[in-house]
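These notes are about the structure you will find just below.
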Amino acid sequence: MTKKQKTKKLILIIFLLIICSILIYAYKQPNNDLKSKNLTTDPSSYQGEGQEENTYPLDKNKLISKTSGVTTLFINDTKYEIEIKEEISVYDLMTELQNEGEITFKDKNYSGMGKFIEEINNIKNGEKYWIYYVNDKKAEIGVSNYKINNGDIVSWKYETY
């Protein structure tokens, strides 16, 4: 075998090794198709346009655990401390409090935007609206989309928009 043939063979082997390495790298990367499609398991996002009442009871196993974090919810000046053990939305938390008879609220689902709270404890939106804050900052996403973090303080304030 001549020197020229040995060089060609070496170049071919290196090229094949590079191609194999690229294929192995691409094969081991996680598939992000679900993230790009914005799929969700939140049942409240599947409600039809204009539905008002909550029709999905919250699994009680998601709440109340001795090893969980504590979240504080204020509605005007009334304080509720709630222990949670896994990720839930503000809406789910309020639904649980309503199911336990602690609060009342009414909501409306807007297609593509999520839930909008129209009334809390018999105080309806009108000239003022119910606006929620997380850790003293006005929330930037809808109540059904914000997932509570350990130690969050969620405050509902009745104020002008």
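Only the coordinates and a few stated rules stand behind these numbers; no lab work does. Predicted, not measured: the structure shown is a model, and the values here were computed from it. Cβ sites come from the backbone with ideal geometry, for glycine too, and all protein chains shown count toward neighbours.
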_GluC sites (Glu not before Pro) within region 97-150, DSSP loop, no more than 13 other Cβ atoms inside 10 Å_ = Glu100, Glu127, Glu140
*Can you list the HN-Hα couplings for region 9-23, worked out from phi with the Karplus curve (6.51, -1.76, 1.60; θ = phi - 60°), rounded to whole Hz and with x for Gly and Pro?*
5, 5, 4, 5, 5, 4, 4, 5, 5, 5, 4, 4, 4, 5, 5
_What distance in nm lies between label points placed 7 Å from Cα along the C-beta direction at Ser21 and Thr78?_
6.5 nm
*What trypsin sites (Lys or Arg not before Pro) in region 107-148 are in a loop by DSSP, with at most 16 other Cβ atoms within 10 Å of the Cβ?*
Lys128
*Find how much the distance from Lys128 to Tyr161 grows on full extension, using 0.36 nm per residue of separation minus their present alpha carbon separation; answer in nm with one decimal.*
11.2 nm
*Which distance in nm do the two modelled labels at Thr104 and Thr7 give, with both placed 7 Å along the Cα-to-Cβ direction?*
8.9 nm
*According to the square roots a ≥ b ≥ c of the eigenvalues of the Cα gyration tensor, what is the shape class of region 72-161, taking rounded for a/c under 1.5, prolate for a/b larger than b/c otherwise, and oblate for the remainder?*
rounded
*Beyond 21 Å between alpha-carbons counts as too far, so tell me which of Lys106/Lys137; Lys106/Lys128; Lys85/Lys106; Lys85/Lys137; Lys79/Lys138 fall in that bin.*
Lys106/Lys137; Lys85/Lys106; Lys85/Lys137
